[in-house]
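Worksheet: one structure, shown below.
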Amino acid sequence: MRPLSHSTQQVKKINIELVKNTLRTTGTGTKASIASLTRLSVATCGTILNELVQTGEILDLGPDESSGGRPASRYQFNADYASLIGLIIRTESGIHSITHARANLNGEILEQYTREYEVINIPVIEQLLDDLLARYHNVQAVGIGIPGVAHNGQIGICDVAELAGQPLIQILQQRYEGLQIIIQNDMNLTVYGLYHEQNYEEDSNFAVLTFPENHYAGAGFIIGGRLLSGNSFFSGEVSYLPFGISREEQLRKLHTPEGVHALVVHTIISIITIINPAALVITGSAIAPSMLEQIEQDCRKQIPSEHLPQLLVQQDTRHEYLTGLITMTLESLTYHIQLIERN
């Protein structure tokens, strides 16, 4: 194998991210402490810090108290240098709504509001973004969560009929040039938020299964600490599992506790045998915490106890959904380098 090569500009971008992320994690630091944590030279850290102070991304807090020598300057990551916007598009029981949230560069939610609409289409989203971008300071990224499948910015299957089949990212990128925009499936964002909030081991497998009323079930997976999207972003569409019944009958089963129970157990067993997660969270309005004990008992009838994940029920995951959206939107601003082996 031949060595991997990076350009000078790529290396500089990686080093800048190292310095910013180190300060974001530690709160404050000096050139020496940042150099120690990043394993960069003090001179390199000094150059990067000077540039970031000039742009306003890093704050110079002034010199530390002297311990005998020349006092070192202390620096702090400026989380308010820019902001992010998250949009969560929902349709539940015939009610269409968009929740918008603004967050700083630490991912802290600064403002949140939900508004209902008669219809949600691209002009509605554009008008909302126009208003938010005019109102908020230095927005660098927008994340959008949808109840459907998004592949390369193209929305496929979607509970919001007016958005199905629309190239939403391409349309928004043309309208808002220079703005980082991501679109992601609601279940993927929920599993991402739950996973980050629970602080599971980085290499663990984790799953979220949702059973909403009057809608097909969905799921999201973390494999080896990474979100699983699938080849065509179809991963998690568990309503297509071979239940041995039509999809219409599947919907009818969701109207009775017995029917829900049977579908949940079947789906959980399928997930366990395929990805063997450490934990599985069951969510959705069709699920009640009182169902958990019987679900676990019936799973044990087919799966050996040592292979059962930790099973949890959490009906309301709106907070985790938003956490996943803001986290992923924030990560989209981080410079990523793809390592390519030269021939």
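Over the range 90-223, what is the relative contact order in percent, taking alpha-carbon pairs closer than 8 angstrom and at least six residues apart?
Working: 185 pairs, mean separation 22.9, N = 134.
In percent, rounded to a whole number, it is 17.
Compute the accessible area per residue over the chain, keeping the other protein chains in place, probe 1.4 Å, unit Å².
I get 52 Å² per residue for this part.
Over the Cα atoms of the chain, what is the Rg over Rh ratio if Rh follows Kirkwood?
Values: Rg = 23.2 Å, Rh = 22.5 Å.
Taking Rh as the inverse mean 1/r over Cα pairs, Rg/Rh reads 1.03.
Hey, what angle do you get for helix 257-275 against the long axis of the chain, alpha-carbon based, 0 to 90 degrees rounded to 10?
Orientation of helix 257-275: about 50 degrees from the principal axis.
Of all DSSP beta bridges located in the chain, what percent are antiparallel, nearest 5?
Details: 36 of 57 bridges.
Counting DSSP beta bridges with both partners in the chain, the antiparallel share is about 65 percent.
Quick check on the range 150-216: take the gyration tensor over C-alpha atoms, sort the square-rooted eigenvalues as a ≥ b ≥ c, and tell me if it's rounded (a/c under 1.5), prolate or oblate. List each step's numbers first, then the result.
On the way: a/c = 3.19, a/b = 1.42, b/c = 2.24.
The shape class here is oblate.
What's the carbon and sulfur percent of the range 33-187's accessible surface, probe 1.4 angstrom, rounded to a whole number?
On the way: 3460 of 7820 Å².
Carbon and sulfur together cover 44 percent of it.
Could you calculate the FRET efficiency of Gln315 with Ser232 from 1/(1 + (r/R0)^6), where r is the beta carbon distance between them and R0 is 30 Å, rounded to 0.05?
Values: r = 30 Å, r/R0 = 1.01.
Between Gln315 and Ser232 the formula returns 0.50.
Considering only DSSP beta bridges where both residues belong to the range 99-212, give the percentage that are antiparallel (nearest 5).
Numbers: 8 of 14 bridges.
Rounded to the nearest five, the antiparallel share is 55 percent.
Enumerate lysine pairs in the chain that are 8 or more residues apart or on different chains, then count those whose Cα atoms are under 22 Å apart. List each step's numbers first, then the result.
Working: Lys12/Lys20; Lys12/Lys31; Lys13/Lys31; Lys20/Lys31; Lys253/Lys301.
Number of lysine pairs found: 5.
From the backbone phi of the range 245-255, what are the Karplus-calculated ³J(HN,Hα) couplings (6.51 cos²θ - 1.76 cosθ + 1.60, θ = phi - 60°) in whole Hz, Gly and Pro given as x?
Each residue's phi maps through the Karplus curve to give 9, 6, 5, 5, 5, 4, 5, 5, 5, 6, 8 Hz.
Separation of the range 151-225 and the range 227-263 by C-alpha centroid, Å?
Between the Cα centres of the range 151-225 and the range 227-263 lies a distance of 18 Å.
FRET efficiency for Ala262 and Gln173, Cβ-Cβ distance as r, R0 = 41 Å, nearest 0.05? Walk me through the numbers on the way to the answer.
Values: r = 44 Å, r/R0 = 1.08.
Computed FRET efficiency for Ala262 and Gln173 comes out at 0.40.
Stretched out fully, how many nm does the piece from Ser305 to Ala164 gain, at 0.36 nm a residue minus the Cα gap? Could the numbers behind the result be given before it?
Numbers: separation 141, 0.36 × 141 = 50.76 nm, distance 4.17 nm.
Length gained between Ser305 and Ala164: 46.6 nm.
Students often get this wrong: which residues of the range 105-122 have the backbone nitrogen under 13 Å from the point 7 angstrom along Cα-to-C-beta of Leu333?
Within reach of a label on Leu333, which here means backbone N under 13 Å from a point 7 Å along Cα→Cβ, the range 105-122 contributes 105-110.
Just subtract the alpha-carbon distance of Ala278 and Tyr240 from 0.36 nm times their residue separation and send over the number in nm, one decimal. Let's see the in-between values first.
Values: separation 38, 0.36 × 38 = 13.68 nm, distance 2.35 nm.
Between Ala278 and Tyr240, full extension yields an extra 11.3 nm.
So for each of 97-109, 236-248, 322-334 I average, over its residues, the number of other beta carbons within 10 Å; can you give me the resulting order with the highest mean first? The partial results should precede the final answer.
Values: 97-109: 17.6, 236-248: 13.9, 322-334: 20.9.
In descending order of packing, they fall as 322-334, 97-109, 236-248.
So what's the angle, to the nearest 10 degrees on a 0 to 90 scale, between helix 42-55 and the longest Cα principal axis of the chain?
With rounding to tens, the tilt is 70 degrees.
Which parts of the range 155-183 would a label at Ala134 reach, counting a residue when its backbone N lies under 18 Å from a point 7 Å out along Cα-to-Cβ?
Correct set: 175-177.
Can you say what percent of the DSSP beta bridges in the range 203-343, counting only those with both residues inside, are antiparallel? Round to 5. Write down the numbers at each step before the final one.
Details: 8 of 17 bridges.
Close to 45 percent.
Give a residue-ordered list of calculated ³J(HN,Hα) values for the range 86-99 (Karplus: 6.51 cos²θ - 1.76 cosθ + 1.60, θ = phi - 60°; whole Hz; x for Gly, Pro).
Values, residue by residue: x, 10, 10, 9, 10, 9, 9, 6, x, 9, 9, 8, 10, 9 Hz.
Report the local net charge at Thr26: Lys and Arg +1, Asp and Glu -1, summed over other residues whose C-beta lies under 14 Å from its C-beta.
Net of charged neighbours comes to +4.
The values are calculated or read from the model by the stated rules, or taken from the named source; none is laboratory data. Keep in mind the model is a prediction, meaning the values are calculated, not measured. Don't worry about glycine lacking a Cβ; one is built from the backbone with ideal geometry, like all the others, and counts go over all protein chains shown. Keep in mind that these areas ignore ligands, DNA and RNA; they rest on the heavy atoms of the full protein, side chains included. Shrake-Rupley method; radii C 1.70, N 1.55, O 1.52, S 1.80 Å.
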